[in-house]
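Only the coordinates and a few stated rules stand behind these numbers; no lab work does. Being a predicted model, the structure only gives us computed values, none of them experimental. FYI the Cβ positions are ideal-geometry reconstructions off the backbone, even for glycines, and counts take in every protein chain you see.
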Amino acid sequence: MLYVGVSLQFRFHVTGGDFSSAGTASSEIKKVLKKLNVDGVVIKRAVVSLYEAEVNVVAHAFEGDIFVNISSEKISILLKDKGPGIVDISKAMEEGFSTASPQVREMGFGAGMGLPNIKRNSDFMDIQSVVGEGTTLQIEIYINNKNGEQE
Amino acid sequence: MRLKKIIDLLEGNLLCGEERLNDEVEFAFASDLMSDVLTVADSEILLITGLANIQTIRTSEMSDISHVLLVRNKRVTQEMLSLAIENGIALIESPYSMFKVCGILYNLGIKPVF
């Protein structure tokens, strides 16, 4: 575990359409969280959220950057992408709604479950989007919320 | 049920993860949809899938799933194999269909997660 006031920062670049690399940021963060002895349930909630978000950038955007900050209190994830943006965020949050391409579906995604799954696994989620410019997604997972209940 | 018994029953072939042959498998989940797999909170499951690509292994890595069974002789790529080895995942292929695999295992007492 990290001392109070200490934090670790990571940055990853994601290229749209690069499916074979989707998940590398999540994989790195998982290794770090394991080394820090973070509770297994918390790790799973964090990496499932990050992985879904990473797949979203690969699936929908041209490119994006992922910033992860790990402190003794929380795992904060910020994803900023350049892409088409989301026309209707509340629609995108609905389970089953998806605009994914057939290629995304072939990879086992694009069933309209990603954003709801991120919401379910995180303690805080905020999504902002400008059509034609891109989307910013902010996710937080509290280190001590082991039972995964929404606060 | 031990993993090695499951492999025998399904005419399976273990591609990597020999150290897991004596693992006890109690629960299984079958899906080709990785988003669906990512909603399963339990980790101690056998994943039965017809989806053979790198995201199958990535999803297993993120979900802490250690046993993955590919049905209908789906071809495993070198990239999938390397990632499975790196994460200590037992990767099995079976010639049986998903329906047949599920039927056999369900009959023998492997439990569903939902």
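Tabulate in residue order the Karplus-calculated ³J(HN,Hα) for the stretch A:93-103, using 6.51 cos²θ - 1.76 cosθ + 1.60 with θ = phi - 60°, rounded to whole Hz; enter x for Gly and Pro.
Per residue, the Karplus-derived 3J(HN,Hα) values read 7, 6, 5, x, 8, 8, 10, 5, 7, x, 5 Hz.
Report the full-extension gain for the segment A:H13 to A:F124: residue separation times 0.36 nm, less the Cα-Cα distance, to one decimal in nm.
Gain on extension, A:H13 to A:F124, equals 37.7 nm.
Using +1 at the Cβ of each Lys and Arg and -1 at the Cβ of each Asp and Glu in the protein assembly as shown, identify which of B:L46, A:A111, A:V57 lies farthest towards the dipole's positive end.
Sorting the options by dipole projection puts first B:L46.
What residues have an amide H closer than 5 Å to that of B:F27, excluding those fewer than 5 places away on the same chain, when H is modeled at 1.01 Å from N in the peptide plane?
Under 5 Å from the amide H of B:F27: B:L46, B:K111.
To the nearest 20 Debye, how big is the dipole of the stretch B:3-112 about its Cα centre, given +1 on the beta carbon of each Lys and Arg and -1 on that of each Asp and Glu?
Value, rounded to 20: 420 debye.
What are the ³J(HN,Hα) couplings of the stretch A:65-71, residue after residue, when phi is run through the Karplus curve with 6.51, -1.76, 1.60 and θ = phi - 60°? Round to Hz, x for glycine and proline.
Karplus values, whole Hz, x for Gly and Pro: 10, 10, 10, 10, 10, 10, 10.
Can you give me the C-alpha center-to-center distance between the stretch B:58-81 and the stretch A:14-40, rounded to a whole angstrom?
So the two Cα centres are separated by 17 Å.
Tell me, what is the percent relative contact order of the stretch A:1-146, built from C-alpha pairs under 8 Å that lie six or more residues apart?
Reported relative contact order: 28 percent.
Given R₀ = 35 Å, FRET efficiency for A:Q103-B:E24 by Cβ-Cβ distance, to 0.05? Walk me through the numbers before you get to the answer.
Values: r = 38 Å, r/R0 = 1.08.
Approximately 0.40, to the nearest 0.05.
I want to check the label-to-label distance for B:L9 and A:D88. Put each point 7 Å from Cα in the C-beta direction and report it in nm to one decimal.
4.7
Looking at the stretch A:96-147, which GluC sites (Glu not before Pro) are in a loop (DSSP not H, G, I, E or B) and have at most 16 other Cβ atoms within 10 Å?
Within the stretch A:96-147, the qualifying GluC sites (Glu not before Pro) (loop, at most 16 other Cβ atoms within 10 Å) are A:E133.
Nearest 20 debye, what's the magnitude of the dipole of the protein assembly as shown about its Cα centre given +1 on Lys and Arg Cβ and -1 on Asp and Glu Cβ?
Numbers: 25 positive and 35 negative charges, 70 e Å.
So the magnitude is around 340 debye.
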